[in-house]
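The values are calculated or read from the model by the stated rules, or taken from the named source; none is laboratory data. A quick note: this is a predicted structure, and the numbers were derived from the prediction, not measured. Note that each Cβ is placed from the backbone with ideal geometry, even for glycine, and that neighbours are counted across all protein chains shown. All accessible areas refer to the heavy atoms of the entire protein, side chains included, with ligands and DNA or RNA removed. Shrake-Rupley method; radii C 1.70, N 1.55, O 1.52, S 1.80 Å.
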Amino acid sequence: MKLADRMSHIGTESAFEVLARARALEKQGKSIIHLQIGEPDFPTPAHVVEAGQKALAEGWTKYGPTPGFPEFRDAIARYISRTRGISVGPDNVCVVPGGKPIMYFAMTALLNPGDEVIYPDPSFPIYESLIHFLGARACPVPLVESRGFSFDLDVLAGSLSPRTKLVILNSPANPTGGVIPHDDLKKIADLLRDRDLMILSDEIYSRIYYEEKPESITQFPGMVEKTIILDGFSKTYSMTGWRLGYGVMPKWMADAVNLMAVNATSCTASFSQRAGLAALEGPQDDVDKMVAEFKKRRNVIVQALNTIPGFRCSLPAGAFYAFPNITGTKKSSKEMEELLLNEAGVACLSGTAFGKHGDGFLRFSYANSLENIKEAINRIRKVADRWA
Ligand SMILES: Cc1ncc(COP(=O)(O)O)c(C=O)c1O
């Protein structure tokens, strides 16, 4: 029996493969420091856990409405309106199990074979995976290290064609930590405004930033009408395992996403939504504390990576990833990922896990303690004679 042909086009997320290899080494007794996974190492805030427990005890254990509970969608609409400076209502909100289903549902609902999709390279590997899976045409646009990993806007403009159906933006970004600056975002809005296309604006790291507050393309005139905002609770509230995310989009698009959701998931876990409501409406101190701790770690890891021979690391403005350029080591990213895992006991990801323009870079997640980060750097320094 053979799988369907479309399965030969789908990709994966190699963070999970590296985790499996790291776990195998740990089973053999090796010590590994995990800097490969994109998951905050903080607990879900206590009042959010309590709200989830209370919801379970109260019987929020059944199916709910496919788009999400009205009270929750209302709270999300108010939150997005307030934080993005726009005006959206509950009919624009689709609650789904995590941020990923918004990519899957929206792209499946929008893309015909042959439609072109513009997306950043390097970027979250699931964008490209889904583009290929759906038979659409992948049009990666390289991110430019010297521009804080923003686009070269002329290259972006040159990539647009009458077949461009979707443009994917991600700010703050995985894997680079880059934030698209105001002026670039405005120019991108000007480029896209009069075109018959949609934008998928992945804003899952919107609350994790260290300099200027990241902006959403939706704030520019005419953009709310053509944008799907993806956001959720995984990163901001350290709720990866609760599977809770949402999209905010024009009503006609929300109807299509809800139709996909009826077919795929029926609804999002009811008690998770109650916990999410508490997260959005309750105290935000835990988010502030987490971001302050990430900022300390960012400063330490970036400074330390810059002392490794052949490494050059710019200061990321958001998310929790450092993305050093390692071309000075003369090793490929993949070789370096292997070498650091097997010989230094440090798990990180090759930049090529995020696209071909990630070659020459590594991604280190600093969702790990300062102590472990410092130990990881010591371990890397000890094996640096292999390339220095
Ligand atoms: C850029 C980006 N978007 C979306 C997601 C998916 O988040 P979730 O776990 O909520 O599906 C991730 C997770 O790593 C991410 O890095």
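Pull out the extension gain between residue 47 and residue 63, defined as 0.36 nm times the separation in residues minus the alpha carbon to alpha carbon distance; nm, one decimal.
Values: separation 16, 0.36 × 16 = 5.76 nm, distance 2.37 nm.
Answer, rounded to one decimal: 3.4 nm.
Counting only protein heavy atoms and using a 1.4 Å probe, the accessible area of residue 313 comes to about 10 Å². The accessible-area ordering, largest first, of the residues 103, 260, 1 stands as 1, 260, 103, per a 1.4 angstrom probe.
Quick one: putting +1 on the C-beta of Lys and Arg, -1 on the C-beta of Asp and Glu, what dipole do you get for the chain around its Cα centre, in Debye to the nearest 20? Write down the numbers at each step before the final one.
Values: 44 positive and 44 negative charges, 140 e Å.
In total the dipole reaches around 680 debye.
Taken per residue, the accessible surface of segment 155-312 reaches 38 Å², heavy atoms only and a 1.4 Å probe. By a 1.4 Å probe calculation restricted to protein chains, residue 262 has an accessible surface near 80 Å², given to the nearest 10.
From the cross-link list 296/330; 27/334; 213/295, which pairs have alpha carbons spaced over 20 Å apart? Could the numbers behind the result be given before it?
Details: 296/330 30 Å; 27/334 23 Å; 213/295 14 Å.
Violating the 20 Å limit, Cα to Cα: 296/330; 27/334.
Rolling a 1.4 Å probe over the protein heavy atoms gives segment 94-148 an accessible area of 29 Å² per residue.
Dipole size in debye (nearest 20) for segment 104-198 around its Cα centre, Lys and Arg Cβ +1, Asp and Glu Cβ -1? Write down the numbers at each step before the final one.
On the way: 8 positive and 12 negative charges, 40 e Å.
Roughly 200 debye, rounded to the nearest 20.
On a 0 to 90 degree scale, rounded to 10, what angle separates helix 251-264 from the longest Cα axis of the chain? Result, in degrees: 70.
In what sequence, highest mean first, do 58-68, 192-202 appear when ranked by Cβ atoms within 10 angstrom?
Ranked by mean Cβ neighbours within 10 Å, highest first: 192-202, 58-68.
With the cut-off at under 15 Å, measuring from each backbone N in segment 337-355 to a point 7 Å along the Cα-to-Cβ line of residue 28 picks out 338-347. Each label point was placed 7 Å from the Cα along the Cα-to-Cβ direction; for residue 219 and residue 109 their separation is 2.6 nm.
Each part gets one Cα centre, and for segment 202-223 versus segment 8-35 those centres are 32 Å apart. Note on segment 348-388 and segment 91-127: Cα centroid distance 29 Å, given to the nearest whole angstrom.
Starting from the coordinates of the alpha-carbon atoms of segment 327-386, obtain the Kirkwood hydrodynamic radius over all distinct pairs and give the value in Å to one decimal.
Working: mean 1/r = 0.0847 Å⁻¹.
After inverting the pairwise mean of 1/r, the radius is 11.8 Å.
Projected label points at residue 370 and residue 154, each 7 Å from Cα along the beta carbon direction, are separated by 4.4 nanometres. Once the gyration tensor of the Cα atoms in the chain is diagonalised, the equivalent ellipsoid follows with semi-axes of 32, 26, 21 Å, ordered largest first.
In the context of the full protein assembly, residue 47 retains an accessible surface of approximately 50 Å², using a probe radius of 1.4 Å and ignoring ligands and nucleic acids. Taking the chain as a Gaussian network, Cα atoms linked when under 10 Å apart, which of 294, 220, 233 shows the biggest mean-square fluctuation? Comparing 294, 220, 233 in the GNM, the peak value goes to 220. Could you work out the relative contact order of segment 341-388? I mean the mean sequence separation of Cα pairs under 8 Å and 6+ apart, divided by the number of residues, in percent. It rounds to 37 percent for segment 341-388.
How long are the semi-axes of the equivalent ellipsoid of segment 113-254, taking √(5λ) for every eigenvalue λ of the Cα gyration tensor, in whole Å from largest down? If you can, show how the numbers build up before the last one.
Values: eigenvalues 92, 67, 51 Å².
After scaling each eigenvalue by five and taking roots: 21, 18, 16 Å.
Once both labels are positioned 7 Å from their Cα atoms along Cα-to-Cβ, the gap between residue 251 and residue 5 label points is 4.0 nm.
For the chain, the share of accessible area belonging to carbon and sulfur comes to 53 percent (1.4 Å probe, ligands and nucleic acids excluded).
Our compactness index for segment 26-173, the C-alpha radius of gyration over the empirical 2.2 N^0.38 Å, is 1.35.
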